[in-house]
Amino acid sequence: MSVASAKKRGASPLAVESPGLVEIRWHARGGQGAVTAAKTVAELALGQGKHFQAFPEYGPERSGAPIVAFTRLSDEPIQLYSGVEHPQIVVVLDESLLKAVDITKGAPENAVVLVNSELTPPELRLRYGLKGHRLYTIPATRIATETIKRPIPNTPMLGALARITGLFTLESVIEFLRYEFGKKFPAKVVEGNIAALTRSYEEVRGE
Amino acid sequence: MAKATPNVLAVTGNEAVAEAMRQIDPDVVCAYPITPQTEIVQLYAQLVADGKVSTEFVTAESEHSAMSAAIGAAAAGARTMTATSSQGFALMWELLYIASSYRLPIVMTVVNRALSGPINIHCDHSDSIGGRDSGWIQIYGENHQQAYDNCLQAVRIAEHPDVRLPVMHMYDGYVISGAIGPLTPLEDSRVREFIGPYQPVNPLLDVQHPVTVGPFDGLHGWYFEHKVAQNLAMERAYQVLQDVADEFARLTGRQYGLIDPYRLEDAEIAIVVVGSTAGTTRLVVDQLRAKGVKAGMVRVRVFRPFPYHTFAQALQHVKVVGVLDRADSFGAQGGPVFLEIRAALYDNDPRPQVLPFIYGLGGRDIFPHDIEQAFGVLDEAAKRVRRVSTQRRYLNLRQGRGLEHERK
């Protein structure tokens, strides 16, 4: 999906200066599925014939510890192997990290920041003193609990990301999950994930 | 592994190698898991359990035992593979020399990781670079595709009658091993065709022609001549490495050489580098070229045998060469690759300056601006009349933690 068609859907377009390369940084706690989400976005890019790279920043591998993962997408083969310093997109799967980690470190002013939160973007700014960037929120944990019946926020984050960045369409991510999850999980789980995607696509909040 | 675009898979580096191993389907795999190689052993054990390969999978209680079992299997006449990293590689140490001196064509994947201490699981090249004198052929890959391609070629090189030496192929731990990247695999049948059937030389299981392997060879024996024979095999390996690469290119369109130069033809300053950092370096070369700086790069693909003639030719017109080592040789004039390059260029006339850089130890990240800084040093040196100091220069090194005290 192009930036233009993202605009058409009423979402804020992603103002990427260099359309060739998109860098995403994921913040989460171990067990929230950020690495899976980072990989899923890479695989969706593969489906579009784009070049991709996804990698976690390996640290303590324990449930609940803060983790960082990265995704790079490009029209050209990716040769850059260093960590992402200036992400155009930051995705935060756990609101409590806003107190512990500098989530916008190195992000340019026009970066898109998506946070899993019950709060609206202005409320979130007020609570954590967040300044600048383009902030979006989605109550991903609640959506996951209600649809998938498990508090794992990664799938809803993908729905919201599709809406606000236009990097991939809602349809493509639904198709991908139906195929990939269909191999591993019962139909109920698959449909729950698709419901989570659709709801988060609709419910993501901007400013 | 999901498949979307035809023939391209999104896989980790380790998945790429496990896929190559599945297609090779060796007679025996002996391995012990260690981070960041573990995924290979885990995936391969699953393939064995699912009956997807016919391999005899030997789980050992340590890497010392894994390499011992690999030696036994290879001496018996089996096509044998293993994989390791870091401390596991170090624990194999004495057996590495046994494998090469018995001329056993074992293929080993080494996922590069730092050596302790302090304990560190991240990427540097200390493990395999330390094994440079063990008599194994060493091939370094840059990315997912090369990890896979080198694994396939390693089998052919090791088993070639002119060589008959074990081969280890490397790629960067985590940076490649754990990251998702693109892989275009070959069809199973084409891999089988490329590697061909294995014809072991003097296998122990050929009971009609009994041989002794590994006897005592004392003061009046042939130990010395044996070592010379190993080195002659290394010399013959240059041609075999290139022939196998050329045959692989005809099959895949992907051409490899002993070295991997980039924009070097008219370069005045150049960086020599090993592994995934070559990709990042290429980007910096392009940026500098856009500014009019005549920068170039060479990636070291084959480290043993070291293609010193090829390097001497490729770098003969370059004024200043910077060598980026991701391992150090404490107390030496510079890192291990630096020492090789500097020696290789000694007979060149004019003789370029060669400067040592150390980077990325224990997984310390290396960014384009770090490499740009290294090129800046080379550019500065190229403008001077007198040669500059060959003191080590460190990229992305933090200050403090007693370094000032040590430097007193």
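Every number in this text was worked out from the coordinates using simple rules, so none of it is lab data. All values derive from a computational prediction rather than experimental measurement. Cβ coordinates were reconstructed from backbone atoms using ideal geometry, including for glycine residues, and neighbour counts include every protein chain displayed.
Expressed as a whole percent, the proportion of Cα-Cα pairs in the protein assembly as shown lying more than 37 Å apart is 40%.
Tally the DSSP beta bridges in chain B and give the antiparallel ones as a percent, rounded to 5.
Values: 12 of 49 bridges.
Just about 25 percent of them are antiparallel.
Considering only the protein assembly as shown, what is the antiparallel percent among its DSSP beta bridges, to the nearest 5? Antiparallel bridges make up about 40 percent of those DSSP assigns within the protein assembly as shown. Structure remark: mean-square fluctuation, Gaussian network model of chain B, C-alpha springs under 10 Å; the largest value among B:221, B:77, B:88 belongs to B:221.
Rounded, prolate or oblate: which one fits the stretch B:34-119, using the alpha carbon gyration tensor with axes a ≥ b ≥ c (rounded when a/c is under 1.5, else prolate when a/b beats b/c, else oblate)? In terms of gyration-tensor shape, oblate. Look at the stretch B:179-191: the mean tally of other chain Cβ atoms within 10 Å of its residues' Cβ atoms is 3.
What percent antiparallel are the DSSP beta bridges of the stretch B:1-149, to the nearest 5? Don't skip to the answer; put the middle values down first.
Details: 2 of 12 bridges.
Beta bridges within the stretch B:1-149, antiparallel portion: roughly 15 percent.
Between residue A:36 and residue A:118, the distance separating the two model label sites (each 7 Å from Cα on the Cα→Cβ line) works out to 2.4 nm.
When the Cα gyration tensor is reduced to axis lengths a ≥ b ≥ c, the ratio a/c stays below 1.5 for the stretch B:259-406, which is therefore classed as rounded. Neighbour counts of C-beta atoms inside 10 Å place B:379, A:102 in the sequence A:102, B:379, starting with the fewest. Name the residue, out of A:173, A:112, A:101, whose mean-square fluctuation peaks in a Gaussian network model built on chain A with Cα pairs under 10 Å. Maximum among the listed residues: A:101. Between the alpha-carbon centres of the stretch B:328-381 and the stretch B:45-123 there is a gap of 31 Å. Counting Cβ atoms of other protein chains within 10 Å of each residue's Cβ and taking the mean over peptide B:276-283 gives 3.
Arrange B:359, B:346 by Cβ neighbour counts within 10 Å, fewest through most, would you?
Lowest count first: B:346, B:359.
Calculate for chain B the 222 nm mean residue ellipticity that helices alone would give, adding -39,500 (n - 2.57) per DSSP H run of length 4 or more and normalising by residue count, nearest 500 deg cm²/dmol.
-12000 deg cm²/dmol
Other protein chain C-beta atoms within 10 Å of residue C-beta, averaged over A:36-43: 3. FRET efficiency for the residue B:209 to residue A:183 pair, using the beta carbon distance and R₀ = 45 Å, is estimated at 0.35.
Under the rule of -39500 (n - 2.57) per DSSP H run of 4 or more residues, summed and divided by the residues of chain A, what mean residue ellipticity at 222 nm is obtained, to the nearest 500 deg cm²/dmol? Taking each H run of at least 4 residues, the total per residue is -12000 deg cm²/dmol. Were the residues from residue B:394 through residue B:291 laid out at 0.36 nm apart, the gain over their Cα-Cα distance would be 34.6 nm. The simple Förster model, with R0 at 35 Å and r as the Cβ-Cβ distance, assigns residue B:332 and residue B:246 a FRET efficiency of 0.50. Could you list the residues of the stretch A:19-37 with an amide nitrogen less than 12 Å from a label point located 7 Å from the Cα of residue A:57 in the Cα-to-C-beta direction? Residues passing the 12 Å test: A:25-28.
From the Cα gyration tensor of the stretch A:3-202, with a ≥ b ≥ c the square roots of its eigenvalues, which class applies: rounded if a/c is under 1.5, or else prolate if a/b is larger than b/c, or else oblate? Rounded.
Among A:39/B:294; B:291/B:319; A:50/A:183; A:50/A:184; A:105/A:188, which pairs are too far apart, with a Cα-Cα distance over 29 Å? Beyond 29 Å between Cα atoms: A:39/B:294; A:105/A:188.
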